[in-house]
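In what follows, a structure is listed as structure tokens, so that the remarks can point back to it.
What follows draws every value from the coordinates through simple rules; no lab data is involved. This one's a predicted model, so the numbers in the text were calculated from it and none came from an experiment. Virtual Cβ from ideal backbone geometry, glycine too; neighbours counted across all protein chains shown.
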Amino acid sequence: MAKSVTEYREIGKKRDVGRLDASFTVEAALVMSALFLFIASLITGVFDIHARVAGNMVLQEALECGTRLEEEQTLSEMESNAQQDYRGYFWCGGGNISLKEKGNRISGTAKMKTETDISVKKFDPENFLRLLRAAGI
């Protein structure tokens with residue numbers, strides 16, 4: 001036979017195991033929502049750092065390859081290869097890498113939320129040999 005509502009309440013009062021007051025559950029919900037918001041912002045910050053480091057690594061690699069270009073390669077090909085490599089990393093889809101050649105230096109820029117500029121000297125064996133000769137070696 002079906003029990004009444006009061007009988008079910010009496011059974012619940014007798015057990016009283018694992019029950020909390022309503023204020024505890026509301027406070028726990030507020031704490032958990034703040035905690036999840038903090039964790040989400042922390043993960044977003046970590047991905048931004050990852051994107052910056054990945055951009056710096058790809059840019060440095062492109063500049064090092066650009067210092068020793070083969071005869072059939074151009075700097076624009078190196079730039080497009082670096083761009084493709086950079087966009088292959090997670091969270092780096094909107095990034096941009098650009099390379100420029102000025103005299104004996106190659107400079108590059110990696111842009112995401114932050115911007116990094118790196119400049120390296122090109123491979124110059126003639127100057128190296130002149131310096132060795134001047135030093136008497």
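Quick check on this structure: which one of L63, L99 is within 30 Å of T44 (Cα to Cα), assigned to a helix (DSSP H, G or I), in contact (Cβ under 8 Å) with a residue 12 or more places away in the chain and not small (G, A, S)?
On the way: L99 fails: assigned to a helix (DSSP H, G or I).
Result: L63 is the single residue among L63, L99 that is within 30 Å of T44 (Cα to Cα), assigned to a helix (DSSP H, G or I), in contact (Cβ under 8 Å) with a residue 12 or more places away in the chain and not small (G, A, S).
For the subset of segment 117-137 comprising residues that are basic (K, R) and in contact (Cβ under 8 Å) with a residue 12 or more places away in the chain, which member is surrounded by the fewest Cβ atoms within 10 Å (Cβ to Cβ)? Working first, answer last.
First pass over segment 117-137, keeping only residues basic (K, R): 121-122, 130, 133.
Now restrict to residues that are in contact (Cβ under 8 Å) with a residue 12 or more places away in the chain: 121-122.
Numbers: K121: 11, K122: 16.
So, considering only residues that are basic (K, R) and in contact (Cβ under 8 Å) with a residue 12 or more places away in the chain, the one surrounded by the fewest Cβ atoms within 10 Å (Cβ to Cβ) is K121.
Could you please let me know if T114 is surrounded by fewer than 16 Cβ atoms within 10 Å (Cβ to Cβ), closer than 18 Å to V46 by Cα and in contact (Cβ under 8 Å) with a residue 24 or more places away in the chain?
Details: surrounded by fewer than 16 Cβ atoms within 10 Å (Cβ to Cβ): yes; closer than 18 Å to V46 by Cα: yes; in contact (Cβ under 8 Å) with a residue 24 or more places away in the chain: yes.
When the stated conditions are applied, T114 passes them.
Among the residues of segment 55-73, count how many are more than 25 Å from M112 (Cβ to Cβ) and either surrounded by fewer than 14 Cβ atoms within 10 Å (Cβ to Cβ) or of a type in the set (S, T, Y) (or both).
First, pick out the residues of segment 55-73 that are more than 25 Å from M112 (Cβ to Cβ): 68-73.
Keeping just the survivors that are either surrounded by fewer than 14 Cβ atoms within 10 Å (Cβ to Cβ) or of a type in the set (S, T, Y) (or both) gives 68, 70-73.
Here the count works out to 5.
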